[in-house]
Amino acid sequence: MTAVLLENVSRAFGATLAVDRVNLKVEAGEFLTLLGPSGCGKTTTLRMIAGLEQNTTGRITIGNTVVSDADRSIFVAAERRRLGMVFQSYAIWPHMTVFDNVAYPLRIRRRPADEIKQRVMRTLDLVEMQKYAERPAPALSGGQQQRVAIARALVFEPEVLLLDEPLSNLDARLRTQTGDEFRKLQKRLGITSLYVTHDQEEAMALSDRVVVMEGGKILQVGSPEEIYQRPGSRSVAAFFGSPNLLDAEVTASQPADAGYFRLDVAGRNWRGHCQAASRISPGTRVGVLVRPECIALTARDATADADSIRWDGRVKEMIFRGSRRSIAVETAAQVLRVEAPSQQPVAVGDSVTLTTSARTAWAIES
Ligand SMILES: Nc1ncnc2c1ncn2[C@@H]1O[C@H](COP(=O)(O)OP(=O)(O)OP(=O)(O)O)[C@@H](O)[C@H]1O
Ligand SMILES: [Mg+2]
């Protein structure tokens, strides 16, 4: 079942097209994340779904209800859309207790006192904050405050939860912990969630699917694995970490398993195989994506098996990071970045051989 449907949705602010003909289907129970650099239109998209902003073209449907249609002048007000919202700036109210914060959406809807008590306590229980009900809001940690904000968004049982960078005020450790907790809660409740972040790791850790946006447009939609391992364009590839992209020419292309294609490619002073989403004609130039953590580094002259791509080179830079080493290796093709286990002894100047499996090398046409 589709929970939220965007069809050809745009939003112009004067000459700025903040969101440009976006088509997107959010399935019921799904955790979908809008990811993209600052100014790419994430918040505007969320605000249009919330009804806080009106789309200048297209149609938005929530469940079975068209809530906004630019052509037919339909616009359902924000408070009549059954949505819960957690925004970065929607801090909880400091002059109220935890209970009163969560009760607020029900009080403004004039629900009876006993119903309010029951629903607030049940919702606080969901986020494991029941025992803090009488605490004044400021006497909570950042993560606890965020759980109260989530409880407040959930208390009137919305069909969809909208979250705009809800964790960005927390420090790194708490951000991961609160994110993981929220993911568990979301799965347990099965609540459709549309989440906005510019943090790639957060997006991958939390989401069922990720929508990568740039300049108001959707670049790619897919599972975290698809987006990370099989990006459709250089922009999507470059959005995650610092990948190696090697220029190469396709010399052969044949169907492989799982609907992919296996290419023979020739680059500057190297050749090998990689995978691609579609058949690519011989002679076409492609970028071959090799993630730094997919490269094995060994002492020079180790024999590489036939299904690996191999480059010989010299270590140019090495940074010890505790859990791993970030290494730059000068090869006859180009400088390649490698993320190696930290226990592996490597020093600047070492002669090394780099190998990667043809299954993890991915060809990008555009
Ligand atoms: N009320 C407004 N009036 C004019 N321009 C706006 C308005 N709101 C947003 N914009 C513009 O629309 C574009 C998209 O903004 P939006 O807030 O959706 O980006 P974002 O992806 O959420 O960015 P960030 O990661 O920085 O929050 C930007 O160029 C922004 O300047
Ligand atoms: Mg924003």
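The values are calculated or read from the model by the stated rules, or taken from the named source; none is laboratory data. As the structure is a computational prediction, the values presented were derived from the model and not from experiment. Please note: Cβ atoms are built from the backbone with ideal geometry, for glycine as well, and neighbour counts cover all protein chains shown. Note: accessible area is taken over every heavy atom of the protein model, side chains too, but ligands, DNA and RNA are not part of it. Shrake-Rupley method; radii C 1.70, N 1.55, O 1.52, S 1.80 Å.
Only residues that are surrounded by fewer than 18 Cβ atoms within 10 Å (Cβ to Cβ), on the phi < 0 side of the Ramachandran plot and not in a strand (DSSP E or B) were counted across the range 70-95, and they come to 15. Residues being open to solvent by less than 20 Å² (accessible area, probe 1.4 Å), within 15 Å of ligand 2 (Cβ to nearest atom) and either within 14 Å of the chain's Cα centre (by Cα) or not assigned by TED's automatic domain parsing to the domain that holds PRO166 (or both): count how many of those fall in the range 16-39. Number satisfying all stated conditions: 4. The condition of being more than 31 Å from the chain's Cα centre (by Cα) and at pLDDT 95 or above holds for only one of GLY287, GLY283, that being GLY283. I want to confirm something. Restricting to the range 140-172 and keeping residues that are open to solvent by 50 Å² or more (accessible area, probe 1.4 Å) and outside any loop (DSSP other than H, G, I, E, B), which single residue is nearest to ALA3 (Cα to Cα)? The extreme case among them is ARG147.
Here ARG314, ARG291, ARG285, ARG324 are screened, and the one residue that is touching an Asp or Glu at 6+ places or on another chain (Cβ under 6 Å) and closer than 15 Å to ASP247 by Cα is ARG285. Within this structure, VAL67 passes the test of being without any contact (Cβ under 8 Å) to a residue 40 or more places away in the chain and either on the phi < 0 side of the Ramachandran plot or out of contact with any Phe, Trp or Tyr (no Cβ under 7 Å at 6 or more places or on another chain) (or both). Across the range 185-220, which residue is farthest from ligand 1 (Cβ to nearest atom) among those that are open to solvent by 40 Å² or more (accessible area, probe 1.4 Å) and assigned to a helix (DSSP H, G or I)? Filtering first and then ranking leaves ARG188.
Filter the range 103-119 down to the residues that are more than 22 Å from GLY51 (Cβ to Cβ) and open to solvent by less than 90 Å² (accessible area, probe 1.4 Å) and list them by number. Outline the logic, then answer.
Step one: list which residues in the range 103-119 are more than 22 Å from GLY51 (Cβ to Cβ), which gives 103, 112-119.
Selection gives ALA103, PRO112, ALA113, GLU115, ILE116, ARG119.
From the list ALA248, ALA237, the lone residue that is farther than 30 Å from GLU79 by Cα, in contact with a Pro (Cβ under 8 Å, 6 or more places away or on another chain) and away from ligand 2 (no atom under 16 Å from the Cβ) is ALA237. Residue pairs whose Cβ atoms lie under 8 Å apart, separated by 6 or more positions or on different chains, with the first residue in the range 124-152 and β-branched (Val, Ile, Thr) and the second in a loop (DSSP other than H, G, I, E, B), are VAL148/ILE92; VAL148/VAL127; VAL148/MET129; VAL148/LEU140; ILE150/VAL127; ILE150/PRO166.
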